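One structure is given below, encoded as structure tokens.
The values are calculated or read from the model by the stated rules, or taken from the named source; none is laboratory data. Since we're looking at a predicted model, the values are computed, not measured. Ideal geometry is used to build each Cβ from the backbone, glycine not excepted, and the neighbour counts take in all protein chains shown.
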Amino acid sequence: MHIKIIGKGKPVVLIHGWGMSGRIWEDLSETMRINYKLFIIDLPGMGKSPLLKIYKINNVIKEIRKHIPSKVIMIGWSLGGQIAMKYALQYPGSIKNLICVSSTPSFICNSGWDFGMDKKIFLGFKKELKDNWKKTLKNFFLLQLIKNKEQKNILKRFEKHYINEKPGLKLGLEKSLNILEDNDLRNDIKKIQIPTLIITGKKDNICSYKASIWLHSEIKDSKLFIFESEGHIPFINNKKKFFQIIHQFIKINES
């Protein structure tokens, strides 16, 4: 597993979302590295990380655990947030603070859960990925971006980093979708007992902000921040505010 380590200070693990790599944190990490030692992960089959033979969420978190210290602050975005929650459940003593960004306990709509993607739409997305992964990935990027003057520039950067330059393995993209399809953490979320911050954007087209409100209601003493005008990636357009929120949360929970 490829992990970029930069900065000095308290250890912070950054876990990206589906179809991306640790490069998604580039802008934010330049600010964070002044105060924190960052462990920026490329998930298996994405970025510079090789594929896992058996691509299951438990195997992913076992692989992550091999490469990071104990007692970390863990920040997970989207799929990375789901992985971070599972890590906190599996290894509760290994995380000091948990920060979930634009994430959800269940990506797919299920019984009693309307804040996910319809299963038929998701299966159609999987088929499109197999047929034309570049086009599918570009459309997925567009869904994540809010319409503003920076949208075109950000999309070009995403295409350059994740499609044209060093794309993840197509098989890695396909297999990691299985985590989003198969995992439903709702029944276990209450077991998370560490200081938790939940961040979401009200204009998120991928993971509904209502899923974050639900997480906040289930995780005892958790904190919730909603960016009223942001979408799925609040740390891109609002880097300064995003850093202030997480930095303040970490300082309050110092021990």
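Annotation: of all residues in the range 204-255 being touching a Lys or Arg at 6+ places or on another chain (Cβ under 8 Å) and in a loop (DSSP other than H, G, I, E, B), the one that is farthest from ILE192 (Cα to Cα) is SER229. Within the range 69-97, the set of residues being assigned to a helix (DSSP H, G or I) and buried (at least 24 other Cβ atoms within 10 Å of the Cβ) comprises LEU79, GLY80, GLY81, GLN82, ILE83, ALA84, MET85, TYR87, ALA88. Among the conditions (1) hydrophobic (A, V, I, L, M, F, W, C); (2) touching a residue at least 60 places away in the same chain (Cβ under 8 Å); (3) surrounded by fewer than 23 Cβ atoms within 10 Å (Cβ to Cβ), CYS100 misses just one, which is (3).
You will find that of MET117, MET85, MET74, the residue that is in contact with a Cys (Cβ under 8 Å, 6 or more places away or on another chain), of a type in the set (A, V, I, L, M) and closer than 30 Å to ILE252 by Cα is MET85 and no other.
GLU30 meets each of the listed conditions (1) farther than 25 Å from PHE141 by Cβ; (2) without any contact (Cβ under 8 Å) to a residue 40 or more places away in the chain; (3) not polar (S, T, N, Q) apart from (1). Among the residues of the range 168-202, the one identified as in a loop (DSSP other than H, G, I, E, B), over 18 Å from the mean Cα position of the chain (by Cα) and modelled with pLDDT under 90 is LEU169.
Considering the range 37-68, the residues that are touching a residue at least 60 places away in the same chain (Cβ under 8 Å) and not in a loop (DSSP other than H, G, I, E, B) include one that is surrounded by the fewest Cβ atoms within 10 Å (Cβ to Cβ), namely LYS66. When the range 103-150 is limited to residues that are without any contact (Cβ under 8 Å) to a residue 24 or more places away in the chain, of a type in the set (D, E, K, R) and not in a helix (DSSP H, G or I), the one that is surrounded by the fewest Cβ atoms within 10 Å (Cβ to Cβ) turns out to be LYS149. Determine whether the range 92-111 contains at least one residue that is under 20 Å from SER208 (Cβ atoms), modelled with pLDDT under 90 and touching a His at 6+ places or on another chain (Cβ under 7 Å). No, the range 92-111 contains no residue that is under 20 Å from SER208 (Cβ atoms), modelled with pLDDT under 90 and touching a His at 6+ places or on another chain (Cβ under 7 Å).
Scan the range 228-236 and tell me whether some residue there is among the hydrophobic types (A, V, I, L, M, F, W, C), at pLDDT 90 or above, within 27 Å of MET1 (Cβ to Cβ) and surrounded by fewer than 19 Cβ atoms within 10 Å (Cβ to Cβ). No - not one qualifying residue is present in the range 228-236.
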